[in-house]
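Below: one structure, written as structure tokens.
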Amino acid sequence: MKTPPAADPAALPTLAPAGTEPIASESVTPTPAVGGGRAGGRALRADKFPIVAMGGSAGSIEAFRQFFAHLPPRSGLAYVVVMHLAPTHDGQVADVLQRFTAMPVVEVTDGVRVRPNYVYVIPPGRDLSLLHGALFLLNPTEEPARRLPIDFFLQSLAKDAGDRAVCIIFSGLGSDGSLGLKLVMESFGMVMVQEPSTAAYDSMPRAALATEFVDFVLPPAQMPAQLLDYAERPLVIRAARSEAEESADKPGHALQKIFLLIRQQTGHDFSYYKRNTVFRRIERRMNAHQIQEFTSYVRYLQENPPEVDQLFRELLIGVTKFFRDAEAFEQLQVHLRPLLLAKSPESTIRVWAPGCSTGEEAYSLAMTLFECLDAIDPNRRPRVQIFATDISADGVATARAGVYSENIAADVSAGRLHRFFLKKDGHYHIRKEVRDVVVFALHNINKDSPFTKLDLLCCRNLLIYLSGELQKNLLPIFHYALNPGGLLFLGPSENLTGFQDLFQPLDVKWKISRRTEVAVSMPRLVNFPFSLTHHPAVPLPPTAHMPLTPSAHRQGGPFAGFVQKALLQAYAPPAVVITAKGEILYVNGRTGKYLEPAPGLSGMNLFEMAREELSFELSGAVHRAVETGEDVVVDNVHLKTEAGHQLLRLVVRRLLEPEALASLLLVSFEDQPTPRRVRQAKMPRPTEQSHDAAVDALTKELQYTKHRLQTTIEEMESSLEELKSTNEELQSANEELQSTNEEAMTNKEEMQSLNEELMTLNLQYLSKTEELGQTANDMKNLLDATDIAIIFLDNDMVVKRFTPRVGRIINLLPADVGRPLTHFASNLRYEHLVRDVQQVLDRLTSFEINIQTARNEWYTMRILPYRSFENYINGAVITFTEITALKLLETRLQETARFTESLHDAVREPLLALSSDLTVYRANQAFAGAFGGPAAELAGQPLASLHGGAWNQPALLHLLQQLLEATSGNQEFDDLPLEADFGGLGRRYLLLSGRQLQYQGAPTGQVLLRVRELPAPQPD
């Protein structure tokens, strides 16, 4: 994002003083951009002016003051201020803001229409929404701590104002606004955020910046100049959308070059995305860099590779949230339950969510499935596996982490938050059981093979960004990927136009459909990047009219074919290629003089089509050629024509090669020179004898012909039957081959899909392996840093792992992992280690004891059960914490205490040590002897209760309390007289002295009371 330079304060217009008459005009011409804008701007339509949502919380009043102080009163924009106001707030924000601007500032009332050059302020304790240019107030449904009024308003603003929506996030606590600004961005609006360093509280600005969907980051004083420049730019610089394709600053090839640069750097092709959407995204980046022409932006992309990545992220704007359209997910549950009930316990529910962005939708599907499975017996529940894919590596990484901010509480119910999330450090973490069923992976729906055998395919709000051509290719793919009866879940703005035969609508409003058993037609898939069916080869274009170059004359090519065709037409005799049965397969030349169509429904058979005078000769010649396997030539065959008789040569040749023509016959008709006398001769009148000879010859010929004809007919009938049978077998074999081919293609596609899934799972496992490796490293460094001896055992007391410090206690080497603990000798002066471990494993309770080693080192040994995440006991953990120094200190303290007691008892005066609550800490032997009773029994008794309350003297207790509360100096008192009745000891006269006990100059919370007994006074 680009931060433009600050506007010159001298160029800012002077604000009208407070109390200026309100501006009532609804058709306003905006002033030039602050800081030297361009003149000649078009007037903003009254119903098409931008609406600026200004969100703020703590510390935002000062930011609003700076913003309005640099904003001209007739900007032509409307401003809606949304703040976090408690219901008990006095609602004086409008009066405060009125001091900063000459524009009218009003508190929103229900149904007020938004007008330009007005400032509208949300009332306390209400939610605000926008519908058809009017503001409406709603009572909040969330608890005050979970309310997000800025996000609530931005959602309605984005839907109602579209590209006229402007969002500005000012100072505040929390992350309110970070979700709503994504919807503003999705609707092609503009997002501006206060520079965090200038904010009194930077939580809201930083949360907005973390979305990466921000156009400008500026101090409040510089925002008006950029805002007015942005508002003026679309009306002055941008051409209308219908003119955009042909404008001078957007040549046809510029967009393709941008696609090319993105594909070269990221590997993703955006040419299938809707052009209108792509143009708007590109224009946003151009505005951010103050670039007006597409050709200039292409050069900027070439010179700045990071801008290509930024544009790529802009095109992949991931506007998503948990349970988007909550009613849609409720209806999905209704249609999912019958599908889940029909699943067997050992089966798996497979779900694919392409375009998962940062994972909210995928986790919403997982939670929905878990809630549906609650109605099924736990022993009969199928497994759940969700594949969530996207082309954004950052989005997939965020989804894999499964950590979301607190503002998701506005979209996820309290029950779901408690069941499916853990709250840590101010964020919500997806629980392990939900995270484990979702597999996230990088996947390009435009070119990668789809996941198959799915029960649910959720593709919401993705198709709306794709071109119609790509949508037509994707919907048959979705049909193919789903199991019979599987569900397709689309977004509310997406439809199945042109593919209603593939899916049966179950919920028209929320676009939930069921897969139908309809074969996908071939043309629908021809443009898809990968093959799902076998497509026939496209025939080559005809070359009859292709121009010939000189090289073509030399190299053959089409020219040689043309020459061969001309030679055949000029010199080759008319001929036909036939089978042994006379079926004509090919005709060359003009054969009309020799053959004619037979009457009736006969086929193309040579014997049926031959002229009468050629029938006998043709039949005989073909028969001889078939029988002998040799070429047959018959000369001087008479053919009657209109011009007379014509002599003809019939040639029947067996074709042996190429292999495709083997066993076929070539019959050619060659005209022979015919003498004029033969051509014009008439039949002589026969004599009686010649007549009889002719009859005999004709009779023999007729008998031969009949015999041949009968034989031929029988052979033909037999051949036809065989041919029909063979044809049926071939058809059956062809169908089987087609079925086998389809199965093979299906298997291939399934293998591709399985391979894709394996690659996805491999990436997931690789990521998990890296996480486990990092966790193992952290654990090793943690154990080494604690310098504590730890042994991990399984349920059989076999060593699984231990820290190096254990070697000082038990002789373990790295090679000893996997051996029982009972095999090793220890340096402990303790013989019940194995017994204690077994007791912990049996009773599942902890055990602790202080033990000594042969080296006179002391350790605190603790034995705990080893619990897994699933709360299973998988062994025991033994820890040894060294306490040698503590033991030595304890010994020294005991020696000191004994010395102190000896010293205390050696004093002959009665002494009494008192604690901070004036109870007896210790009394010496002199005190016990003077006042009766063993010294040990006096310890712990309140001073005021000793000897029947004789010591309960206010003056004494007050002085002792002062000594205890003193914090500096040597505090003491001397010679306090005390006269009291000590019960059986009689009345005693004492002189008391007290001193605060200190150690190294600091009070210890104890006082020492010294007692000196006085003789009883003598009576006068």
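The values are calculated or read from the model by the stated rules, or taken from the named source; none is laboratory data. Just so it is clear, the structure is predicted and the values come from calculations on it, not from any experiment. Positions of Cβ are backbone-derived with ideal geometry, glycine not excepted, and every protein chain shown enters the neighbour counts.
General remarks:
- Taken as a whole, the structure leaves V121 outside the set of residues that are of a type outside the set (D, E), crowded, with 20+ Cβ neighbours inside 10 Å and over 30 Å from S405 (Cα atoms).
- Pairs with Cβ under 7 Å, 6+ apart, first in the stretch 902-927 and of a type in the set (V, I, T), second surrounded by fewer than 18 Cβ atoms within 10 Å (Cβ to Cβ): T919/G940; T919/Q941; T919/P942; V920/A939; V920/G940; V920/Q941
- From G491, G498, G426, residue being within 30 Å of A207 (Cα to Cα) and over 22 Å from the mean Cα position of the chain (by Cα): G426
- Within the stretch 567-591, considering residues that are in contact with a strand residue (DSSP E or B) (Cβ under 7 Å, 6 or more places away or on another chain) and among the polar types (S, T, N, Q), the one modelled with the lowest pLDDT: T591
- Subset of the stretch 59-74 [in contact with a helix residue (DSSP H, G or I) (Cβ under 9 Å, 6 or more places away or on another chain) and not basic (K, R)]: S60, I61, E62, A63, F64, Q66, F67, F68, A69, H70, L71, P72
- Count of residues meeting criterion [in contact (Cβ under 8 Å) with a residue 24 or more places away in the chain, outside any strand (DSSP E or B) and either farther than 21 Å from L332 by Cα or polar (S, T, N, Q) (or both)] in the stretch 461-479: 10
- Odd one out for Y297 among (1) within 19 Å of the chain's Cα centre (by Cα); (2) surrounded by 19 or more Cβ atoms within 10 Å (Cβ to Cβ); (3) outside the structural domain of R435 (by TED's automatic domain parsing): (1)
- Answer residue from the stretch 881-911, given it is surrounded by 13 or more Cβ atoms within 10 Å (Cβ to Cβ) and of a type in the set (D, E, K, R) and is farthest from E848 (Cα to Cα) among those: E909
- Restricting N811, N795 to those that are within 21 Å of S868 (Cα to Cα) and either in the same structural domain as L841 (by TED's automatic domain parsing) or modelled with pLDDT of 85 or more (or both) reduces the list to N795.
- With respect to the stated conditions, R677 is among the charged types (D, E, K, R), modelled with pLDDT under 70 and not in a strand (DSSP E or B).
- Residue within the stretch 809-830 that is basic (K, R) and part of a helix (DSSP H, G or I) present: no
- Whenever a residue of the stretch 203-227 is in contact (Cβ under 8 Å) with a residue 40 or more places away in the chain, its partners that are aromatic (F, W, Y), lying with C-beta atoms within less than 6 angstrom and at least six residues away or across chains, give the pairs P220/F67; M223/F67; Q226/F216.
- Of all residues in the stretch 869-909 being part of a loop (DSSP other than H, G, I, E, B) and at pLDDT 80 or above, the one that is farthest from L828 (Cα to Cα): E909
- Matching option when the condition is modelled with pLDDT of 80 or more, outside any helix (DSSP H, G or I) and surrounded by 10 or more Cβ atoms within 10 Å (Cβ to Cβ), among S719, S668: S668
- Checked against (1) at pLDDT 85 or above; (2) exposed (fewer than 15 other Cβ atoms within 10 Å of the Cβ); (3) under 24 Å from R855 (Cα atoms), F802 passes all but a single condition, namely (2).
- Only listed residue being surrounded by fewer than 18 Cβ atoms within 10 Å (Cβ to Cβ), among the small types (G, A, S), more than 27 Å from the chain's Cα centre (by Cα) and under 30 Å from G415 (Cα atoms), chosen from A134, A145, A210, A200: A145
- Top-ranked residue of the stretch 218-236 - restricted to ones that are hydrophobic (A, V, I, L, M, F, W, C) and either surrounded by fewer than 20 Cβ atoms within 10 Å (Cβ to Cβ) or in contact with a Phe, Trp or Tyr (Cβ under 7 Å, 6 or more places away or on another chain) (or both), ranked as modelled with the lowest pLDDT: V236
- Hits in the stretch 358-417 (condition: over 20 Å from the mean Cα position of the chain (by Cα) and among the polar types (S, T, N, Q)): N379, S413
- Leading residue by the ranking (surrounded by the most Cβ atoms within 10 Å (Cβ to Cβ)) among those in the stretch 833-860 that are assigned to a strand (DSSP E or B) and either in contact with a Gly (Cβ under 9 Å, 6 or more places away or on another chain) or in contact (Cβ under 8 Å) with a residue 24 or more places away in the chain (or both): Y859
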